[in-house]
Amino acid sequence: KKRMLSGIKPTGQLHLGSYIGALKHFVDYQDEYEVFAFIANLHCITVPQDPATLQKNLRDCVALYLACGLDPKKATIFLQTDVKEHAQLGYIMCCHTYMGELNRMTQFKDKQAKGETNLSGGLYTYPALMAADILLYDPDYVPVGDDQKQHVELTRDVAIRMNHRYGELFRVPEPLVAKVGARIMSLDDPTRKMSKSDHNDKGCVYLLDDLAKAKKKIMSAKTDSIGHVHFDPENQAGVSNLMQIYSCLNDNESFEQIEKDFEGKGYGDFKKAVADSVCDTLSKIQTRYQEVLSSGELEEVLTEGAAKARPIAAAKLDKVQRAIGMEIIE
Ligand code: TYM
């Protein structure tokens, strides 16, 4: 079986973008591939966090992995900090990544451009840690949303560089970015990505949103005055975003089919159909989320996941350290 690895950084509540762009793929692929899905808690602290909120988001993130259908019997689910090799290989990757490369990464660049001050060193070197997260496990594929593709490409570059310098250390992974749904946009401003750190709550549907609230957010999504359901991200960004959401939640129904189904109907009808699909998905996730929380299975899932991940990570770190000459070999 080919191996697949990805993670989510629970700096806030997971939303429709995290689900459609990432989590749903982990679930869809878990039969076909050997899936490693981790919770990137080291990455959370690159920006200041309130400890109590972070703790809650972490627990919710694990619970939502399961609630969305990841099966711990098939996929390896673990917390990044439970496998200490991430931090250690992260440091080594940092030493093999150029500042010029880190300077080009958009996340840091954007925050800097916005004039945000007191940005941490961790935020700057974060892509090197992400490279370690990936390369520890030799995955073939890394399913991510559009915004993370750049980091997977950096991972490839550093892997190739180190393989060249020290001999074959890492499998060079491919990013898997879906054609539809890899960049879900904010509902109230479809020129911006739907994001955990959104400026306001209206643009983002959280997986744990109350259904009435979720419906309202979809029904008041920004559209245009053209008035027919048509896929045209440039001129009909809002409607095109809703079409992506609808397609991803309805067995990847094609845009042509959606256009046909809603021909002659107004945006109100279409939004209602999108809202129904979203609420249907959320309702299933939320029911299962409650079951997961009351079952008390989280701890066991994480313990088992870490036990499966650790030996793989330890062997890789050891191989890397030996190749570099960092270990004394008798
Ligand atoms: P994070 O937590 O920001 O996002 C998790 C995943 O969700 C995708 N995503 C979206 N997809 C579509 N539309 C959106 N609006 C949207 N918002 C988020 C992201 O692209 C991502 O795939 N650095 C990563 C976490 C990470 C990681 C890794 C991922 C750490 N180490 C190793 C893969 C492999 C991050 O911050 O993702």
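The values are calculated or read from the model by the stated rules, or taken from the named source; none is laboratory data. Note that the coordinates shown come from a computational prediction; the quantities given were computed from them, not determined experimentally. Here the Cβ is made from the backbone with ideal geometry for all residues, glycine too, and neighbour counts use every protein chain on show. Protein only, heavy atoms only, side chains kept; ligands, DNA and RNA dropped before computing areas. Shrake-Rupley method; radii C 1.70, N 1.55, O 1.52, S 1.80 Å.
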TODO: Just tell me which lysines come within less than 30 Å, Cα to Cα, of Lys319; anything on the same chain fewer than 8 places away is out.
DONE: Lys1, Lys2, Lys9, Lys73, Lys74, Lys84, Lys149, Lys308
Task: HN-Hα J in Hz across region 44-60 - Karplus 6.51, -1.76, 1.60, θ = phi - 60°, x for Gly and Pro - done: 4, 8, 5, 10, x, 10, 7, x, 5, 5, 4, 4, 5, 5, 5, 5, 4
Task: Amide hydrogen neighbours beyond the local backbone of Lys193, cut-off 5 Å, H modeled - done: Ser186
- [ ] Mind jotting down a quarter of the surface of the convex hull over the alpha carbons of region 45-84, in square nanometres, one decimal?
- [x] 3.6 nm²
Task: Heavy-atom surface of the chain, accessible at 1.4 Å and reported per residue (Å²) - done: 47 Å²
TODO: On a 0 to 90° scale, report how tilted helix 267-295 is relative to the longest principal axis of the chain, with both axes built from alpha carbons and the result rounded to the nearest 10.
DONE: 40 degrees
Open item on the list: Are there any GluC sites (Glu not before Pro) in region 1-94 that are in a DSSP loop and have at most 12 other Cβ atoms within 10 Å? List them by number.
Closed with: Glu32
Task: Sites Asp140 and Lys216 - FRET efficiency at Förster radius 45 Å, r taken between beta-carbons, to 0.05 - done: 0.60
Task: For region 186-329: span of alpha carbons on each principal axis (Å, largest first) - done: 73, 40, 31
Open item on the list: Given R₀ = 35 Å, what would the calculated FRET efficiency be for Arg310 paired with Arg288, taking r from the Cβ atoms and rounding to 0.05?
Closed with: 0.80
Task: Overall dimensions of the chain as given by Cα atoms, namely Rg and Dmax in Å - done: 20.6, 77
Task: Distant-in-sequence amide H partners of Leu176 (H built 1.01 Å from N, under 5 Å) - done: Val142, Val144
Open item on the list: Leaving out ligands, DNA and RNA, and with a 1.4 Å probe, what % of the accessible surface on the chain is carbon or sulfur?
Closed with: 50 percent
Open item on the list: Explain nothing, just compute: Karplus ³J(HN,Hα) = 6.51 cos²θ - 1.76 cosθ + 1.60, θ = phi - 60°, for every residue of region 63-69 in order, whole Hz, x for Gly and Pro.
Closed with: 4, 6, 3, 6, 5, 7, x
- [ ] Based solely on C-alpha atoms, express the radius of gyration and the Dmax of region 1-132 in angstrom.
- [x] 15.6, 46
Open item on the list: On C-alpha positions alone, give me the angle between the axis of helix 85-94 and the longest principal axis of the chain, in degrees, nearest 10.
Closed with: 90 degrees
Task: Residue-averaged [θ]222 nm for the chain, counting only DSSP H segments that reach four residues, each worth -39500 (n - 2.57) - done: -16000 deg cm²/dmol
